[in-house]
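Structure first, then comments.
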Amino acid sequence: MNTLNLEKYASLIVKTSLNLQPNQILVITSPIECTPFTRLLAQTAYQEGARDVVIQWRDELFSKIRFLYAPEEIFEEFPDWQKEFYISYVRQGAAFLSISASDPELMHDVEPKRMMKAQKASSTALKEYRERLMSNKNVWSVISIPTSAWARKVFPALQEDEALDKLWETIVMTVRVDTDDPIRSWNEHRASLRTRINFLNGCSFKALHYKNSIGTDLTIELPKNHQWLGGSESTPDGLEFFPNMPTEEVFTLPLKSGVNGKAVSSKPLNYNGNLIDQFSLTFKRGKIVDFSAEKGYETLKTLIETDEGSHYLGEVALVPYDSPISASNILFFNTLFDENASCHLAIGKAYPVCIKNGDNMSPEELQKIGVNDSLTHVDFMIGTRDLEIIGETLEGEKILVFNNGNFAF
């Protein structure tokens, strides 16, 4: 990765993905393997007028040691100082950036229930923080850069340096840093996604029916006053930002009790350092009533049993099979990329902003209209080359939404 592209990427993240404002605080969560680029991001943020940059370093190798050897009861606790850290900054209107770059199978020999306990403790303690981000009350974004362990998993036939270079090259392409003007390219991409969003919102679908040759046969009802989003989003004050970079999806939320049928995975899911592969979920009146997995069954079971809401879906996302990331024909073992190569669904919490005025509703009001709540939100991929999606409007009209894996409009 040459210095110019690194600087272009850092500038794109700070100026476009985060749209960082003068005198705003930026909180970065970064793996220690990403230190040089994280420092560049901090420098760029200060140069753009940030009041301060605060970095939370993550060491996944130490995390594995802790999960293997610490007493189990420790994972049911969450330190007060960590809670205060996030709550304090989120209340100050800070922007939050997370760098997603983990070893896809690092935790394969860790007991999934230990990790679930830690996640539940964290999600419970940081409920206010999570709800503010999922309602876009604070600017937030997830981006990625390569690490050696991740690159070796994606390109196992290459030497480590070659694999890193190849993954950098691919990421640069997916985030449009290889263009003459990445910021302009993202503005054009945002406009293209809005065309899809406007069409879908204009249809006011009451249900979508998915079907493909690998076994997905699923009907998803959509709640009244749902709205499709994608690309950039906005805070209540109108500050526009990109929550994910890359992003190719348009998404909304399902009616909690309105999912029926079977969804079959089309790509592996990397969840907490464990791979879940060749899996399926069966739904009845919204709830997962049966599931299977050729790999990672216990991890999938633990995910589904996180809480009551993790037995239901919280997101419906459409991504064309011919998207640039899909066309790369690379399996990233990283949800940030794989979800943008495939139509996907999410187990767990729904985004309140996918309901008109939902960001101003109480949890009780959201629950009443069928918006799912959970301590978790995990995307999994179901898109294929032959996926067909038919939408049914409130008037009963059937409209072809996807044909042969791509938008039909």
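The values are calculated or read from the model by the stated rules, or taken from the named source; none is laboratory data. Owing to the predicted nature of the structure, the values given are computational and were not obtained by experimental measurement. Cβ sites come from the backbone with ideal geometry, for glycine too, and all protein chains shown count toward neighbours.
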Open item on the list: Being part of a helix (DSSP H, G or I), surrounded by 15 or more Cβ atoms within 10 Å (Cβ to Cβ) and at pLDDT 95 or above is the requirement here; does SER30 meet it?
Closed with: no
- [ ] Give me a count of the residues in segment 161-211 that are of a type in the set (D, E, K, R) and closer than 30 Å to ILE355 by Cβ.
- [x] 6
Task: Residue within segment 80-93 that is within 30 Å of ASN19 (Cβ to Cβ), without any contact (Cβ under 8 Å) to a residue 40 or more places away in the chain and either touching a His at 6+ places or on another chain (Cβ under 7 Å) or among the acidic types (Asp, Glu) (or both) present - done: yes
TODO: Hey, can you tell me all the residues within segment 381-409 that are out of contact with any helix residue (DSSP H, G or I) (no Cβ under 9 Å at 6 or more places or on another chain) and not in a loop (DSSP other than H, G, I, E, B)?
DONE: GLU388, ILE389, ILE390, GLU392, LYS398, LEU400, PHE402, ASN403, ASN406
TODO: For residues that are out of contact with any Leu (no Cβ under 7 Å at 6 or more places or on another chain) and small (Gly, Ala, Ser), scanning just segment 39-58, find the one that is farthest from GLN24 (Cα to Cα).
DONE: ALA42
Task: Residue in segment 91-98 that is touching a Pro at 6+ places or on another chain (Cβ under 7 Å) and modelled with pLDDT of 95 or more present - done: no
Open item on the list: Just to verify a result, which residue in segment 193-214, among those that are surrounded by 13 or more Cβ atoms within 10 Å (Cβ to Cβ) and polar (S, T, N, Q), is nearest to GLN227 (Cα to Cα)?
Closed with: ASN201
TODO: Identify all residues within segment 221-242 that are hydroxyl-bearing (Ser, Thr, Tyr) and either in contact with a helix residue (DSSP H, G or I) (Cβ under 7 Å, 6 or more places away or on another chain) or part of a loop (DSSP other than H, G, I, E, B) (or both); write none if there are none.
DONE: SER232, THR235
- [ ] State yes or no: is GLU365 free of Cβ contacts under 8 Å to residues at least 12 places away in the same chain, in a helix (DSSP H, G or I) and on the phi < 0 side of the Ramachandran plot?
- [x] yes
Open item on the list: Please verify whether VAL264 is within 17 Å of ALA207 (Cα to Cα) and assigned by TED's automatic domain parsing to the domain that holds ILE330, treating the condition exactly as stated.
Closed with: no
Task: Matching entry among THR247, THR252 (being more than 15 Å from VAL316 (Cβ to Cβ) and outside the structural domain of THR16 (by TED's automatic domain parsing)) - done: THR247
Task: Exclusive hit being over 30 Å from ASP109 (Cβ atoms), in contact (Cβ under 8 Å) with a residue 60 or more places away in the chain and in a helix (DSSP H, G or I), set LEU6, LEU12 - done: LEU12
- [ ] Say whether the condition of being surrounded by 19 or more Cβ atoms within 10 Å (Cβ to Cβ) and in a helix (DSSP H, G or I) is met by at least one residue in segment 177-185.
- [x] yes
